[in-house]
Amino acid sequence: YAPMNGTSMATPHIAGFSALLKQEYPEIGPEEIRARLMNTADIMDRYSVYEVGAGQANIAKALEVDCYATAPVDDIYLVSGNVS
């Protein structure tokens, strides 16, 4: 055994985290899994907050009860009635 890093080492962890999310929330799809993992990652000091994927996955945060939006809501409209 030896310490290793890089995408080859991250891939099995993210795959496992994705499986845990799917087990906890069976109705979610790949887009929401991706959003949860990215929105809950801990930003690492050595990276800019503007770098995509520059963080450490935090599965505990990702498993929290629906506190992260999956995507902007753009399909809501008023069918009939009054808005007060």
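Modelled spin-label separation between K61 and L20, with each label point placed 7 Å from Cα along the Cα-to-Cβ direction: 1.4 nm.
Of the GluC sites (Glu not before Pro) found in the range 1-55, the ones in coil according to DSSP and having at most 14 other Cβ atoms within 10 Å of their Cβ are E27, E51.
The numbers here are math on the coordinates, done by the rules we state, and not lab data. Just so you know, these numbers come straight off a predicted model, no measurement behind them. Ideal geometry is used to build each Cβ from the backbone, glycine not excepted, and the neighbour counts take in all protein chains shown.
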